[in-house]
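The values are calculated or read from the model by the stated rules, or taken from the named source; none is laboratory data. Given the structure is predicted, the values throughout are model-derived calculations rather than measurements. Glycine also receives a Cβ, built like all others from the backbone with ideal geometry; neighbour counts cover every protein chain displayed.
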Amino acid sequence: MSTHATPAAAITTAPALTDRAIRRIAGCAALVFAVLLLIQNVIRSGEPAFDADPAAVSQYFAVHRIAVVVPLALFPVGMVSLLCLAGGLRTLVADRHDRFLVDVGTLAVVVIAALFGVVNIVEIALAGAAPQATSSAAVVAGLWAVHAAAFGLNLAAIAIALLTLSGFCVRHHLVPRWVRPLGMVGAGCLFLAAFGAVAIVEGSALLYLGFAGFLAWGVFLVLAGLGLLRNPDTDTSGS
């Protein structure tokens, strides 16, 4: 049996993406993620409160099938979009300051994806098991508490991503300078809400403080996406 070595010249590889193309992908990803956030939050506005009675939770997941299934189906798209945004911003890294901001922001994005994954897993379990398994009030109450806890803790990850990535984008003139203080205020609101994760599980109004920071996160995503699309050849020297 004989073997033949493949000539190096015969090996073909797919053309690498240019920095310009990566930034355009990242810009589109940021806008897609922002739109999905809006759609999901509008659809989920009718969900039971975090301290809702287990019977109300069971009834919601058994009756409102479309409102439950659509956000769950959109989650993978949102997760990929957010990761593409973080990856695209890395092409702009120019120095250690940039690398620190993007590395911390990217790690925060991974945590966001993981914790929102937990939120979606709980909803999938409640939706897929209704009405059989949801007949147990204790099971429903436990799942719904995990759902609320993951959401509450995720506010801290969003705060870190907002603070670092907005600062990075301001350095590279992708977003207006006023986004830096907006990011700081928004991150502060998110952190304060995350510190009260236990209270959020119990139905505290502290959650609304987190929503204020969440709004700042959405504004940043839109502006960053537009900035990446308008300036795909942005100078990589931060300032």
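Could you tell me whether any residue of segment 28-35 is surrounded by fewer than 16 Cβ atoms within 10 Å (Cβ to Cβ) and in contact with a helix residue (DSSP H, G or I) (Cβ under 7 Å, 6 or more places away or on another chain)? Checking segment 28-35: not a single residue is surrounded by fewer than 16 Cβ atoms within 10 Å (Cβ to Cβ) and in contact with a helix residue (DSSP H, G or I) (Cβ under 7 Å, 6 or more places away or on another chain). Looking only at segment 61-114, residues that are of a type in the set (Asp, Glu) and touching a residue at least 60 places away in the same chain (Cβ under 8 Å) come to 2 in all. Among the residues here, Gly128 does not qualify as in a helix (DSSP H, G or I) and within 19 Å of Val32 (Cα to Cα). Only a single item in (1) farther than 30 Å from Val140 by Cβ; (2) surrounded by fewer than 16 Cβ atoms within 10 Å (Cβ to Cβ); (3) of a type in the set (Ser, Thr, Tyr) is not met by Ser45, and it is number (1). For segment 129-154, a residue qualifies if it is of a type in the set (Val, Ile, Thr), more than 19 Å from Ile112 (Cα to Cα) and either buried (at least 19 other Cβ atoms within 10 Å of the Cβ) or modelled with pLDDT of 90 or more (or both), and the qualifying residues are Thr134, Val140. Checking the structure you have, find out if any residue of segment 182-189 is in a helix (DSSP H, G or I) and either among the charged types (D, E, K, R) or without any contact (Cβ under 8 Å) to a residue 24 or more places away in the chain (or both). Yes, segment 182-189 contains a residue that is in a helix (DSSP H, G or I) and either among the charged types (D, E, K, R) or without any contact (Cβ under 8 Å) to a residue 24 or more places away in the chain (or both). I'm trying to understand the selection: among the residues of segment 82-96, which are surrounded by fewer than 23 Cβ atoms within 10 Å (Cβ to Cβ) and under 12 Å from Arg24 (Cα atoms)? Those that are surrounded by fewer than 23 Cβ atoms within 10 Å (Cβ to Cβ) and under 12 Å from Arg24 (Cα atoms): Cys84, Gly87, Thr91. Is there a residue being surrounded by fewer than 22 Cβ atoms within 10 Å (Cβ to Cβ) and under 30 Å from Gly142 (Cα atoms) anywhere in segment 172-187? No, segment 172-187 contains no residue that is surrounded by fewer than 22 Cβ atoms within 10 Å (Cβ to Cβ) and under 30 Å from Gly142 (Cα atoms). When you look at Phe220, is it modelled with pLDDT of 90 or more, crowded, with 18+ Cβ neighbours inside 10 Å and aromatic (Phe, Trp, Tyr), yes or no? Considered against the rule, which asks whether it is modelled with pLDDT of 90 or more, crowded, with 18+ Cβ neighbours inside 10 Å and aromatic (Phe, Trp, Tyr), Phe220 comes out as yes.
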